[in-house]
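Asks: Just dropping this structure here.
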Amino acid sequence: MIDLVTILNILIVLGMVVTAILAVHFDNLLSSVIALGATGLFAAAAFLVLHAPDVAISEAAVGAALTPLIFIVTLRKVKGGDDK
């Protein structure tokens, strides 16, 4: 029988894969950056499930918050951020 942790790991990995594919697929750069941030959140959740809270906090701060923030500020500085 599959336990709850295994189901949670499967859902987190599926979420990471879907958001990573979406980050590559989107034409709008802002949508891609948001999907990248969601991928970082799923990675932080994976580290938390694997009992590595220090790494999860670091990933949440850098991968899900700081990096997308830097990308969004950069896109806004470059006249709107749309490359259509």
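Since every read-out is calculated from the coordinates, none of them should be taken as a lab result. Computed from a prediction, not measured in an experiment: that's the story for all the values here. Don't worry about glycine lacking a Cβ; one is built from the backbone with ideal geometry, like all the others, and counts go over all protein chains shown.
Asks: Taking the range 40-61 on its own, how many of its residues are surrounded by 14 or more Cβ atoms within 10 Å (Cβ to Cβ) and either closer than 30 Å to Val78 by Cα or in contact with a strand residue (DSSP E or B) (Cβ under 7 Å, 6 or more places away or on another chain) (or both)?
Replies: Adding up the residues that qualify gives 7.
Asks: Another question, if that's okay. Quickly run through the range 2-39 and pick out the residues that are under 28 Å from Val78 (Cα atoms), surrounded by fewer than 15 Cβ atoms within 10 Å (Cβ to Cβ) and among the polar types (S, T, N, Q).
Replies: Asn28, Ser31
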